[in-house]
Amino acid sequence: MSSTVENIIQGSVKERIDRWVARYPDDQKQSAVMAALRIVQETNGGHLTTELMDQIADYLEMPPIAVYEVATFYGNYEHEPVGKHKICLCNSISCMLRGNDEILAHMEKKLNIKPGEVTEDGRFSIKKVECLGACGGAPMMQIGKTYYENLTEASVDEILDGLE
Ligand code: FES
């Protein structure tokens, strides 16, 4: 483990991870890796680093490469800083057919960032993601744990302007 970063797996973070570890047999604690990645990512302001993934590997007694594989396969893990509000705009077929391009262009202009970037004040970032399973409400986006569907330029303005 790198000694350059304080071990994040302590206190309430450790307790939260331990609750997931307790769900699995003693020799299967690596099954908690996705939960551990999510908890550590949340605690670190929304993104992971190699050092943090190494700490998870140490804690769950698994090879670091196995943690990296999970963390890079799933799109909900971030490896670069994100905004306080991470806007996940669906980029799959139903949302494409229903105008997600126009929604993205509007957001880019409004926030002055492209996907993968963070606004200067750190409040927003945009990420294009695959189908979030709300195709009937296309075009849609997810911010935090909330889905926003049937987006229009006006509703995007209202939603973003209403966030703290
Ligand atoms: S295509 Fe956008 S939610 Fe499924």
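The values are calculated or read from the model by the stated rules, or taken from the named source; none is laboratory data. What you see is a predicted model, and the numbers here were worked out from it, not measured in a lab. Backbone-built Cβ (ideal geometry, glycine too); neighbour counts: all protein chains shown. Note: accessible area is taken over every heavy atom of the protein model, side chains too, but ligands, DNA and RNA are not part of it. Shrake-Rupley method; radii C 1.70, N 1.55, O 1.52, S 1.80 Å.
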ask   = Hey, does region 34-44 have a residue that's part of a loop (DSSP other than H, G, I, E, B) and outside the structural domain of LEU132 (by the TED database)?
value = yes
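Answer with yes or no whether VAL67 is touching a helix residue (DSSP H, G or I) at 6+ places or on another chain (Cβ under 6 Å), in contact (Cβ under 8 Å) with a residue 24 or more places away in the chain and not basic (Lys, Arg).
Numbers: touching a helix residue (DSSP H, G or I) at 6+ places or on another chain (Cβ under 6 Å): yes; in contact (Cβ under 8 Å) with a residue 24 or more places away in the chain: yes; not basic (Lys, Arg): yes.
For VAL67, the condition - touching a helix residue (DSSP H, G or I) at 6+ places or on another chain (Cβ under 6 Å), in contact (Cβ under 8 Å) with a residue 24 or more places away in the chain and not basic (Lys, Arg) - is met.
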task = Test GLU108 against the criterion of being under 21 Å from LEU160 (Cα atoms), assigned by the TED database to the domain that holds GLU158, modelled with pLDDT of 95 or more and more than 16 Å from the ligand (Cβ to nearest atom), and give yes or no.
result = yes
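Please pick out the residue among LYS109, LYS128 that is in contact with a strand residue (DSSP E or B) (Cβ under 7 Å, 6 or more places away or on another chain) and without any contact (Cβ under 8 Å) to a residue 60 or more places away in the chain.
Values: LYS109 fails: in contact with a strand residue (DSSP E or B) (Cβ under 7 Å, 6 or more places away or on another chain).
LYS128 is the lone residue from the list that is in contact with a strand residue (DSSP E or B) (Cβ under 7 Å, 6 or more places away or on another chain) and without any contact (Cβ under 8 Å) to a residue 60 or more places away in the chain.
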task = Just one of (1) part of a helix (DSSP H, G or I); (2) open to solvent by less than 60 Å² (accessible area, probe 1.4 Å) trips up ARG19, so point out which.
result = (2)
request  = Output the residue which, of all residues in region 84-105 that are in contact with a Leu (Cβ under 9 Å, 6 or more places away or on another chain) and more than 16 Å from the ligand (Cβ to nearest atom), is farthest from GLN142 (Cα to Cα).
outcome  = LYS84
ask   = What residue, among those in region 41-54 that are closer than 18 Å to LYS84 by Cβ and either out of contact with any Lys or Arg (no Cβ under 7 Å at 6 or more places or on another chain) or of a type in the set (Phe, Trp, Tyr) (or both), is most open to solvent (accessible area, probe 1.4 Å)?
value = GLU42
